[in-house]
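Undergrad: First the structure, which I've put down as structure tokens, then a few questions once you've had a look.
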Amino acid sequence: MKRILVTGGLGFIGSHTVVELQNEGFEVVIIDNLSNTTIEVLDGITAITNKKPVFFQIDLKNISKVKKFFKNNKIDGVIHFAASKAVGESVNEPLKYYENNITTLVYLLKEMQKNKVNNLIFSSSCTVYGQADELPITEETPIKPADSPYGNTKQIGEEIITDTTKISDLNAIVLRYFNPIGGHQSILIGELPIGIPQNLIPFITQTAAGVRECLSIFGDDYETPDGTAVRDYIHVVDLAKAHIVAMKRLFTKNNKEKIEFFNIGTGKGSSVLTVINAFEKVNNQKLNYKIVPRRVGDIASAYADTTLANNELGWKSKLTLQDALRAAWLWQEK
Ligand code: UD1
């Protein structure tokens, strides 16, 4: 049985991935510093899978703890989620982002190398493409200069891993996520934004629940069919499954390059208004919203060409936007 280290395994995408890993029979060890989640997520995972993953509360910035961890635990593969992810915050606190997302990656790779752990899945983002000149976005779409320190940490992270694969036995798969939303059908785990949500779906569910008064739509003057910005919203359970397929690809040595990159999305773009309407319909809710100016740093449109992931990885999203919006609302209600 393969043992997978999942860093950030109690976060939104991490927890859903741990569930899928355990369902597939992998042994899971989680490292999380609980900076943006709570320990109760561990109970949710345990309740869904009937198995409690091994958990260490470790901050990856603590190199001596990371060293000790790898010395004491036999690991076959790593899925690395642990990172800070708020775009606005990263602009105001760039060094926090470089330390949390880059320093920790270097520590992790060093210890993996030392302990001959040669399989890595890295959590990247479609943010690396910025506003692409052509849509849909393929893996060949040029990387644009990053708009934020957060985005830059994803670009630099990809480069650090690429360089490491060149001089070591490391094999890596980089997954570039589009917009992950939704939650587990059990309603035992979901997205847990701390403070005022920055992302669209948690803001929608909190507005519907009356926690927020009114949803602001950031701009209706984009060059899109209805003027609001378009994104590729991917159900987090589908996204989680992509990690399992990718890990198996490394274990069976089916990867064609030492580092491979895949877009993980649905291939379908939805505007903010489309999402709002779908949410209202599927959940029988009325949302209070208003149009406000564009948010600084936002792009008009991004959606994935998923051909490579479909054909090469053998992965395809199955759940719909409606499934995700239903799951998000059930979770909010709970
Ligand atoms: C953002 C980040 C992205 C990051 C991801 C992580 C930016 C520019 N991008 O993606 O790099 O990987 O979060 O979660 O910040 N919207 C509203 N009202 C709201 C919130 C959002 O209209 O209250 C709109 C946005 O303008 C956007 C869409 O909804 O068009 C999705 O926004 P969001 O959920 O924040 O995701 P991204 O901005 O696409």
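Undergrad: Compute the projected area of the convex hull of the Cα atoms of region 253-299, averaged over all viewing directions, and report it in nm² to one decimal place.
TA: The Cα convex hull of region 253-299, projected and averaged over all directions, gives 6.5 nm².
Undergrad: Read phi for every residue in region 18-32 and hand back ³J(HN,Hα) as whole Hz from Karplus 6.51 cos²θ - 1.76 cosθ + 1.60, θ = phi - 60°, with x for Gly and Pro.
TA: Each residue's phi maps through the Karplus curve to give 4, 4, 5, 4, 5, 4, 8, x, 6, 8, 10, 10, 9, 10, 8 Hz.
Undergrad: Search the structure for amide H atoms under 5 Å from the amide H of Gly77, placed 1.01 Å from N in the peptide plane, and list their residues when 5 or more places away or on another chain.
TA: Amide H neighbours of Gly77, under 5 Å, 5+ apart: Arg3, Leu5.
Undergrad: Okay, moving on. Can you bin every Cα-Cα distance in the chain into 20 Å intervals starting at zero and give me the percent of pairs per bin, rounded to whole numbers?
TA: 32, 61, 7
Undergrad: I would also like to ask the following. Which percent of the accessible area of the chain is formed by carbon and sulfur heavy atoms (probe 1.4 angstrom)?
TA: After summing per-atom areas, the C and S share lands at 50 percent.
Undergrad: Measuring from the lowest to the highest alpha carbon on each principal axis, how far does region 55-125 reach, largest first, in angstroms?
TA: Reported extents, whole Å, longest axis first: 38, 24, 21.
Undergrad: On a C-alpha basis, how far is the centre of region 194-219 from the centre of region 234-273 in Å? Whole number, if you could?
TA: 28 Å
Undergrad: Under 5 Å between amide H atoms, partner at least 5 residues away or on a different chain: which partners does Tyr289 have, H built in plane at 1.01 Å?
TA: Leu215
Undergrad: Name the long-range amide H neighbours of Asp305: under 5 Å, sequence gap of 5 or more, or other chain; modelled H, no Pro or chain starts.
TA: Here the answer is Ile137, Thr138, since their amide H atoms fall under 5 Å of that of Asp305.
Undergrad: Still on this structure: Can you give the Kirkwood hydrodynamic radius of region 1-126 from its Cα pairs, in Å with one decimal?
TA: Details: mean 1/r = 0.0675 Å⁻¹.
For region 1-126, inverting the mean 1/r across all distinct Cα pairs yields 14.8 Å.
Undergrad: Work out from phi, with θ = phi - 60° and the Karplus expression 6.51 cos²θ - 1.76 cosθ + 1.60, the ³J(HN,Hα) of each residue of region 64-74, listed in order in whole Hz, and give x for Gly and Pro.
TA: Each residue of region 64-74 in turn: 5, 6, 5, 4, 4, 4, 5, 5, 9, 10, 7 Hz.
Undergrad: Using label points projected 7 Å from each Cα along Cα→Cβ, tell me how many nm separate Ile143 and Asp226, to one decimal.
TA: 3.5 nm
Undergrad: Follow-up. For region 129-200, what is the relative contact order in percent, using Cα pairs closer than 8 Å and at least 6 residues apart in sequence?
TA: Rounded, it is 14 percent for region 129-200.
Undergrad: Here's something else I'd like to know. Please give the FRET efficiency for Gln113 paired with Ala300, using the beta carbon to beta carbon distance and R0 = 45 Å, rounded to the nearest 0.05.
TA: Plugging the Cβ-Cβ distance into 1/(1 + (r/R0)^6) gives 0.65.
Undergrad: Kindly flag which residue pairs out of Lys96/Lys253; Lys74/Lys114; Lys52/Lys110; Lys116/Lys253; Lys74/Lys256; Lys65/Lys116 have an alpha-carbon separation exceeding 24 Å in this structure.
TA: Pairs exceeding the cut-off: Lys96/Lys253; Lys52/Lys110; Lys74/Lys256.
Undergrad: Going out from 0 in 5 Å bins, what whole percent of all Cα-Cα distances in region 194-334 drops into each bin?
TA: 2, 9, 17, 18, 17, 14, 10, 7, 4, 2, 0
The values are calculated or read from the model by the stated rules, or taken from the named source; none is laboratory data. Not measured: the values here are computed from a predicted model. FYI the Cβ positions are ideal-geometry reconstructions off the backbone, even for glycines, and counts take in every protein chain you see. Quick note on the areas: whole protein, heavy atoms, side chains included, nothing else; ligands and nucleic acids left out. Shrake-Rupley method; radii C 1.70, N 1.55, O 1.52, S 1.80 Å.
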